[in-house]
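Notes follow once the structure below has been shown.
The values are calculated or read from the model by the stated rules, or taken from the named source; none is laboratory data. Predicted, not measured: the structure shown is a model, and the values here were computed from it. Glycine also receives a Cβ, built like all others from the backbone with ideal geometry; neighbour counts cover every protein chain displayed. With ligands, DNA and RNA removed, areas are computed over all heavy atoms of the protein, side chains included. Shrake-Rupley method; radii C 1.70, N 1.55, O 1.52, S 1.80 Å.
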Amino acid sequence: MEKEKIDNLEELERMAENGDFEALKKVSGHYYWLTKDKEAGKKAFYYFKKAEHFNDSDLLFKLGNCYAFELGVNKAVEYYEKAIKGNHPGAYFNLAVSYRDGFDDVEPDFNKAKEYFLKAKELGKENAEAALRSLPLYELVYNLKNFDSLDDDKQTSILYEVEAIKRESKISRDRLVFIRNKFVNYVIQNYPK
(Lines give C-alpha, C1' and ligand atoms only; values in the text may rest on other atoms or scores of the structure.)
Protein backbone atom coordinates (compact mmCIF):
# COMPACT_ATOMS: atom_id res chain seq x y z
CA MET A 1 0.00 0.00 0.00
CA GLU A 2 1.55 3.27 -1.11
CA LYS A 3 1.04 6.51 0.74
CA GLU A 4 -2.11 8.08 -0.58
CA LYS A 5 -3.55 11.56 -0.27
CA ILE A 6 -6.30 11.74 2.33
CA ASP A 7 -8.76 14.59 1.94
CA ASN A 8 -10.72 14.33 5.16
CA LEU A 9 -8.53 12.71 7.80
CA GLU A 10 -10.80 13.64 10.70
CA GLU A 11 -13.81 11.95 9.09
CA LEU A 12 -11.75 8.85 8.28
CA GLU A 13 -10.49 8.72 11.87
CA ARG A 14 -14.08 8.81 13.15
CA MET A 15 -14.99 5.99 10.79
CA ALA A 16 -11.90 4.06 11.87
CA GLU A 17 -12.85 4.49 15.51
CA ASN A 18 -16.18 2.85 14.65
CA GLY A 19 -14.32 -0.12 13.13
CA ASP A 20 -14.72 0.62 9.41
CA PHE A 21 -12.11 -1.59 7.74
CA GLU A 22 -11.39 0.64 4.74
CA ALA A 23 -11.04 3.69 6.99
CA LEU A 24 -8.70 1.75 9.30
CA LYS A 25 -6.56 0.74 6.31
CA LYS A 26 -6.33 4.30 5.01
CA VAL A 27 -5.72 5.97 8.37
CA SER A 28 -3.19 3.42 9.61
CA GLY A 29 -1.42 3.54 6.23
CA HIS A 30 -1.37 7.33 6.30
CA TYR A 31 0.32 7.42 9.69
CA TYR A 32 2.59 4.46 8.85
CA TRP A 33 4.33 6.48 6.14
CA LEU A 34 4.89 9.31 8.63
CA THR A 35 6.51 7.16 11.33
CA LYS A 36 9.62 9.33 11.52
CA ASP A 37 7.31 11.54 13.54
CA LYS A 38 6.88 9.78 16.93
CA GLU A 39 3.25 10.86 17.32
CA ALA A 40 2.39 9.56 13.85
CA GLY A 41 4.12 6.28 14.71
CA LYS A 42 1.98 5.94 17.82
CA LYS A 43 -1.17 6.63 15.81
CA ALA A 44 -0.18 4.11 13.12
CA PHE A 45 0.38 1.50 15.83
CA TYR A 46 -2.96 2.33 17.46
CA TYR A 47 -4.91 1.94 14.22
CA PHE A 48 -3.05 -1.22 13.17
CA LYS A 49 -3.91 -2.77 16.55
CA LYS A 50 -7.53 -1.68 16.14
CA ALA A 51 -7.63 -3.40 12.73
CA GLU A 52 -5.80 -6.55 13.84
CA HIS A 53 -8.96 -8.66 14.12
CA PHE A 54 -9.55 -8.29 10.36
CA ASN A 55 -6.44 -10.47 9.76
CA ASP A 56 -5.42 -8.42 6.73
CA SER A 57 -1.91 -9.61 5.80
CA ASP A 58 -0.64 -6.14 4.84
CA LEU A 59 -1.86 -4.57 8.07
CA LEU A 60 -0.43 -7.45 10.13
CA PHE A 61 2.91 -7.11 8.32
CA LYS A 62 3.05 -3.38 9.05
CA LEU A 63 2.05 -3.98 12.66
CA GLY A 64 4.96 -6.43 12.83
CA ASN A 65 7.23 -3.71 11.49
CA CYS A 66 5.99 -1.32 14.17
CA TYR A 67 6.92 -3.90 16.79
CA ALA A 68 10.29 -4.58 15.17
CA PHE A 69 11.28 -0.94 15.09
CA GLU A 70 9.93 0.09 18.46
CA LEU A 71 9.04 -2.77 20.77
CA GLY A 72 11.09 -5.85 19.94
CA VAL A 73 11.53 -8.55 17.37
CA ASN A 74 9.83 -11.33 19.33
CA LYS A 75 6.43 -9.67 18.97
CA ALA A 76 7.22 -8.71 15.36
CA VAL A 77 7.81 -12.37 14.49
CA GLU A 78 4.38 -13.20 15.89
CA TYR A 79 2.75 -10.72 13.48
CA TYR A 80 4.90 -11.71 10.51
CA GLU A 81 3.78 -15.31 11.11
CA LYS A 82 0.17 -14.14 11.02
CA ALA A 83 0.81 -12.14 7.83
CA ILE A 84 2.34 -15.10 5.95
CA LYS A 85 -1.01 -16.86 6.21
CA GLY A 86 -2.06 -14.32 3.57
CA ASN A 87 1.15 -14.95 1.53
CA HIS A 88 2.64 -11.55 2.28
CA PRO A 89 6.10 -11.51 0.62
CA GLY A 90 7.49 -8.86 2.98
CA ALA A 91 6.44 -10.91 6.00
CA TYR A 92 8.19 -13.99 4.60
CA PHE A 93 11.30 -11.91 3.96
CA ASN A 94 11.32 -10.29 7.42
CA LEU A 95 10.76 -13.67 9.09
CA ALA A 96 13.70 -15.06 7.13
CA VAL A 97 15.89 -12.16 8.27
CA SER A 98 14.77 -12.70 11.87
CA TYR A 99 15.71 -16.39 11.74
CA ARG A 100 18.92 -15.70 9.81
CA ASP A 101 20.19 -13.05 12.21
CA GLY A 102 18.60 -14.17 15.46
CA PHE A 103 17.23 -11.30 17.54
CA ASP A 104 16.17 -11.11 21.16
CA ASP A 105 14.83 -14.58 21.98
CA VAL A 106 14.60 -15.62 18.31
CA GLU A 107 17.34 -18.18 17.84
CA PRO A 108 19.04 -18.39 14.43
CA ASP A 109 17.49 -21.14 12.34
CA PHE A 110 19.05 -21.27 8.89
CA ASN A 111 16.64 -23.91 7.60
CA LYS A 112 13.65 -21.70 8.42
CA ALA A 113 15.46 -18.68 6.99
CA LYS A 114 16.05 -20.55 3.72
CA GLU A 115 12.43 -21.74 3.56
CA TYR A 116 11.11 -18.20 4.11
CA PHE A 117 13.56 -16.54 1.68
CA LEU A 118 12.52 -19.09 -0.97
CA LYS A 119 8.85 -18.31 -0.42
CA ALA A 120 9.52 -14.56 -0.49
CA LYS A 121 11.38 -15.02 -3.78
CA GLU A 122 8.53 -17.12 -5.19
CA LEU A 123 6.12 -14.30 -4.27
CA GLY A 124 8.31 -11.74 -6.05
CA LYS A 125 10.01 -10.08 -3.08
CA GLU A 126 12.88 -7.92 -4.20
CA ASN A 127 16.27 -8.92 -2.71
CA ALA A 128 15.10 -12.40 -1.67
CA GLU A 129 17.36 -14.11 -4.20
CA ALA A 130 20.41 -12.13 -3.06
CA ALA A 131 19.56 -12.93 0.56
CA LEU A 132 19.36 -16.63 -0.34
CA ARG A 133 22.77 -16.52 -2.01
CA SER A 134 24.33 -14.93 1.07
CA LEU A 135 22.68 -17.28 3.57
CA PRO A 136 25.52 -19.84 3.64
CA LEU A 137 27.92 -17.03 4.46
CA TYR A 138 25.77 -15.93 7.38
CA GLU A 139 25.61 -19.50 8.64
CA LEU A 140 29.37 -19.82 8.40
CA VAL A 141 29.90 -16.57 10.28
CA TYR A 142 27.42 -17.70 12.96
CA ASN A 143 29.26 -21.00 13.33
CA LEU A 144 32.60 -19.25 13.53
CA LYS A 145 31.31 -16.97 16.27
CA ASN A 146 30.13 -20.04 18.18
CA PHE A 147 33.06 -22.24 17.22
CA ASP A 148 33.96 -23.27 20.78
CA SER A 149 30.50 -24.64 21.46
CA LEU A 150 30.46 -26.91 18.39
CA ASP A 151 31.41 -30.58 18.38
CA ASP A 152 34.72 -31.66 16.79
CA ASP A 153 33.14 -32.88 13.56
CA LYS A 154 31.32 -29.57 13.03
CA GLN A 155 34.52 -27.62 13.80
CA THR A 156 36.45 -29.68 11.24
CA SER A 157 33.70 -29.17 8.69
CA ILE A 158 33.80 -25.42 9.24
CA LEU A 159 37.58 -25.27 8.88
CA TYR A 160 37.29 -27.09 5.53
CA GLU A 161 34.54 -24.69 4.48
CA VAL A 162 36.75 -21.72 5.35
CA GLU A 163 39.55 -23.20 3.25
CA ALA A 164 37.13 -23.72 0.35
CA ILE A 165 35.98 -20.12 0.62
CA LYS A 166 39.57 -18.95 0.44
CA ARG A 167 39.83 -20.68 -2.96
CA GLU A 168 36.33 -19.85 -4.19
CA SER A 169 36.40 -17.15 -6.85
CA LYS A 170 32.63 -16.52 -6.86
CA ILE A 171 32.64 -14.83 -3.48
CA SER A 172 33.47 -11.17 -3.66
CA ARG A 173 36.82 -10.02 -2.34
CA ASP A 174 35.10 -7.77 0.21
CA ARG A 175 33.16 -10.66 1.70
CA LEU A 176 36.24 -12.82 1.85
CA VAL A 177 38.20 -10.03 3.55
CA PHE A 178 35.35 -9.57 6.02
CA ILE A 179 35.35 -13.26 6.95
CA ARG A 180 39.12 -13.44 7.10
CA ASN A 181 39.53 -10.31 9.23
CA LYS A 182 36.79 -11.03 11.70
CA PHE A 183 36.78 -14.78 12.12
CA VAL A 184 39.23 -16.88 10.15
CA ASN A 185 42.33 -15.41 11.80
CA TYR A 186 40.79 -16.12 15.18
CA VAL A 187 40.15 -19.74 14.21
CA ILE A 188 43.60 -20.22 12.70
CA GLN A 189 45.36 -18.69 15.73
CA ASN A 190 43.36 -20.62 18.30
CA TYR A 191 42.83 -23.92 16.53
CA PRO A 192 45.99 -24.90 14.64
CA LYS A 193 45.83 -28.13 12.67
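Filter Lys25/Lys119; Lys85/Lys145; Lys25/Lys75; Lys62/Lys154; Lys75/Lys145; Lys75/Lys114 down to the pairs with a C-alpha to C-alpha distance above 29 Å, please. Provide the component values of the computation, followed by the final result.
Values: Lys25/Lys119 25 Å; Lys85/Lys145 34 Å; Lys25/Lys75 21 Å; Lys62/Lys154 39 Å; Lys75/Lys145 26 Å; Lys75/Lys114 21 Å.
In this structure, Lys85/Lys145; Lys62/Lys154 lie more than 29 Å apart at Cα.
Please compute the net charge surrounding Tyr138, taking Lys and Arg as +1 and Asp and Glu as -1 over other residues with Cβ under 10 Å from its Cβ.
With Lys, Arg at +1 and Asp, Glu at -1, the net is -1.
Rounded if a/c is under 1.5, else prolate if a/b beats b/c, else oblate: with a ≥ b ≥ c from the C-alpha gyration tensor eigenvalues square-rooted, which is region 54-127?
Here region 54-127 falls in the oblate category.
Could you order the peptides 139-148, 103-112, 79-88 from most to least packed, using the average number of other C-beta atoms within 10 Å per residue? Present the calculation step by step, with values, prior to reporting the outcome.
On the way: 139-148: 15.4, 103-112: 13.8, 79-88: 19.9.
Answer by packing, highest mean first, reads 79-88, 139-148, 103-112.
Please work out the average accessible area per residue across region 106-166, using the 1.4 Å probe convention, and give it in Å².
Result: 61 Å² of accessible area for each residue.
Using just the C-alpha positions of region 28-79 as equal point scatterers, what log10 of I(q)/I(0) does the Debye formula give at each q in 0.13, 0.15, 0.26, 0.31 1/Å?
Listed by q, the Debye log ratios stand at -0.24, -0.32, -0.97, -1.25.
Which is farthest toward the positive dipole end of region 1-160 among Asn111, Val141, Tyr92, measuring Cα position about the Cα centre, with Cβ charges +1 (Lys, Arg) and -1 (Asp, Glu)?
Going by the charge dipole, the pick is Tyr92.
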